[in-house]
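So the structure is just underneath, and the comments pick up after that.
The values are calculated or read from the model by the stated rules, or taken from the named source; none is laboratory data. What you see is a predicted model, and the numbers here were worked out from it, not measured in a lab. As a convention, Cβ positions derive from the backbone with ideal geometry for all residues, glycine included, and neighbour counts pool all protein chains shown.
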Amino acid sequence: MSAVAATPHAKFSDPRVTAKGEARAWVELAALETLWFNTGTLCNITCAHCYIESSPRNDRLAYLSRADVAQYLDEIAAHRLPTRLIGFTGGEPFMNREMIPILEETLSRGHETLVLTNAMRPMMRRKAALLALREKHGSRLRLRVSLDDPHADIHDAERGEGGFAATLAGLVWLAANGFTIDVAGRVFSHEPEPQLRARFQSLFDQQAIRIDAHDPSALVIFPEMDPDADPPEITTACWGILNKDPREVMCATARMVVKRKGAEMPSVLACTLLPYDPQFELGATLAEASRPAQLNHKYCASFCVLGGASCGAAKA
């Protein structure tokens, strides 16, 4: 393996080379299959470990409007991009007052639509509007509920006392009213994944929630993103060493739109996990954001390449 730089660098400091001087891996946008919108970083709760630092006070990413979203949907249509999934994340998306109009705009254009939510009060205040959307658009509206663990104490240690009960109530309401739903869990219990899935299945069965916890697209288990971890950098040689295709990495098929506080226009990022790092901001349009993404962050290694995670897994 030949070195491409003689001068040592700190890890994840140079977009072209690693600390050892090896060529850093990058990922081409093979096709824009999923477009994420961060509707704003404000949230009704403050989690202990939130990668985006969402809280009732963090407004670093401003609320997107229906018009903001529409311009990117227009670009998808104009260029006939192969985008099959439009995803919405936050913060808590239902904190955004335009969330229902945004969903109507997206669904009315025929897009499969996924909303990540904690299913707590902000969502429950939109019951009537959500029922109307489900009646009109059916299974093209999908909601993914963040339930970290099927044990209340573990979930509440992350999201605050009473969070489990509130989220479970929202999940049960969605299930009882025929919404297309899945769940996002985490590995706080440090147990084998089959055991964790079995505990989730027990909870779903008890609550009459029709989710197959052993289906990885119905119960998505995310690896943890430890900000203090020290993962290896991903080089161009790693694809062969790991027997991994770069087209499997999230940024090969996805982008995210954000609107920074005080900005006149939204911008497009390479990754949903790195909303504040300017090196992952690729442009104002989808066309500008079609350039390759350099894997120059520890989350690129720990979450996507080595962790094998993807935020947008959809049901077949």
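Those residues that are out of contact with any Gly (no Cβ under 6 Å at 6 or more places or on another chain) and in a strand (DSSP E or B), I need them from region 255-274; list them, please.
Residues satisfying the conditions are 255, 256, 257, 258, 260, 267, 269.
Residue 62: within 30 Å of residue 245 (Cβ to Cβ) and surrounded by 15 or more Cβ atoms within 10 Å (Cβ to Cβ), yes or no?
Criteria not met by residue 62.
One residue is enough: does region 226-242 have a residue meeting the conditions surrounded by 13 or more Cβ atoms within 10 Å (Cβ to Cβ), under 17 Å from the mean Cα position of the chain (by Cα) and aliphatic (A, V, I, L, M)?
No, region 226-242 contains no residue that is surrounded by 13 or more Cβ atoms within 10 Å (Cβ to Cβ), under 17 Å from the mean Cα position of the chain (by Cα) and aliphatic (A, V, I, L, M).
Identify the residue in region 38-83 that is β-branched (Val, Ile, Thr) and assigned to a helix (DSSP H, G or I) and, among all such residues, is nearest to residue 265 (Cα to Cα).
By that ranking, first place goes to 69.
Take residue 291 and tell me if it is modelled with pLDDT of 90 or more and surrounded by fewer than 23 Cβ atoms within 10 Å (Cβ to Cβ).
Yes.
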